[in-house]
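Novice: Have a look at this one before I ask anything.
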Amino acid sequence: MVDNRYATALVIGSVLSLLATVYLSVAVGTEHWFQYSSPLDSQDLNITQLKDQFINDEFEEKVYSTPLFRLNGTLGLWWRCIQVPSQSYWFREPDGRHPHNESVDRTQLPDCTHHRGCTDPKMETQCLSFTLPQQFKTKTKGEEEDLLRTYLWRCQFLLPLVSLALVFLSGLIGVCACLCRSFTPTLGVGVLHFIAGLCSLGTVCCFRANMDLFHYSYKPSATVDWSMGWSLYLALISFPLQMMAAALFIWAARSHRNHYTRIRAYRVA
């Protein structure tokens with residue numbers, strides 16, 4: 001027989017664990033961990049060349065870093081994306097006539113701005129995924145191997161997978177405990193959630209440290225602004241949720257054990 005306090009703690013812990021799993025899964029699958037912002041109306045900006053440079057089959061950070069900085073790129077654990085103008089966009093004549101759908105090459109209209117009659121070009125996002133061999137590729141600093149960035153990069157995509165695997169394993173243990181009508185495995189469930197929370201926090205720390213070293217190796221220009229994206233904040237939110245779930249599971253297991261021990265000692269006496 002389980003006390004209502006312990007049952008409530010288990011339910012709340014399970015809900016927190018589910019929310020943390022959803023947040024971390026969404027964060028891993030999206031590309032908005034880090035984002036860049038740069039003006040696209042520069043005269044020396046060759047968008048076509050930067051786009052071809054970004055989608056190059058050769059996976060080199062030195063190659064895709066410049067398009068990432070200059071074309072409002074976003075970076076995730078498994079994705080890298082850039083924003084480029086669409087092939088065609090709406091154009092309005094300066095004399096105020098009704099707009100008509102005309103395909104215009106923006107490179108042929110360098111002085112065309114919104115105030116002169118042209119609407120801003122429609123932007124489209126192009127993304128490329130990191131393959132598994134690319135994730136394990138050794139990072140370089142000039143011609144030398146950068147072991148620190150290599151291990152940070154590997155940890156930043158392995159740790160969230162470990163965290164999700166631990167939560168999934170704890171869920172299986174919890175289901176087995178319910179089927180066996182045993183409260184003892186709850187302590188193991190709490191410990192697994194505690195380790196999973198540390199892995200989630202380690203993911204955010206490794207990614208943030210890796211980005212600082214990335215900017216140190218490939219310095220963006222002064223016109224490029226960067227900031228952390230919402231995917232990183234989702235991963236960061238999953239850490240306290242997992243820790244609170246772990247605390248509830250561990251508290252329920254230890255309190256139930258102490259309560260059961262006192263009752264048994266009372267009955268013996």
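Novice: Compute the distance in nm between two label points, each set 7 Å from the Cα along the Cα-to-Cβ direction, one at Tyr151 and one at Met123.
Specialist: Calculated label separation equals 3.8 nm.
Novice: For a Förster distance of 45 Å, can you work out the FRET efficiency between the beta-carbons of Phe168 and Tyr218, rounded to the nearest 0.05?
Specialist: Computed FRET efficiency for Phe168 and Tyr218: 0.75.
Novice: Further, regarding this structure: What nm value, rounded to one decimal, do you get for the distance between Val26 and Leu179 when each label is placed 7 Å out toward the C-beta?
Specialist: Once both label points are built, they end up 3.2 nm from each other.
Novice: Check Trp79: other-chain or 5+ apart residues with amide H under 5 Å from its amide H, H built from backbone geometry?
Specialist: Long-range HN contacts for Trp79: Phe130.
Novice: Also, I was wondering about something else. At a Cα cut-off below 17 Å, give the lysines reachable from Lys122, other chains included and same-chain residues fewer than 8 away excluded.
Specialist: Within the straight-line cut-off, Lys122 pairs with Lys51.
Novice: How much length is gained on full extension from Lys51 to Cys205, taking 0.36 nm per residue of separation minus their Cα-Cα distance?
Specialist: Using 0.36 nm per residue and subtracting the Cα-Cα distance, I get 52.4 nm.
Novice: Residue separation times 0.36 nm, minus the C-alpha to C-alpha distance between Gln83 and Glu60: what's the value?
Specialist: Length gained, Gln83 through Glu60: 6.3 nm.
Read-outs throughout are calculated quantities, based only on the coordinates presented, and are distinct from any laboratory measurement. Keep in mind it's a predicted model, so treat the numbers as computed, not measured. Positions of Cβ are generated from backbone atoms using ideal geometry, with glycine treated the same way; all protein chains shown enter the neighbour counts.
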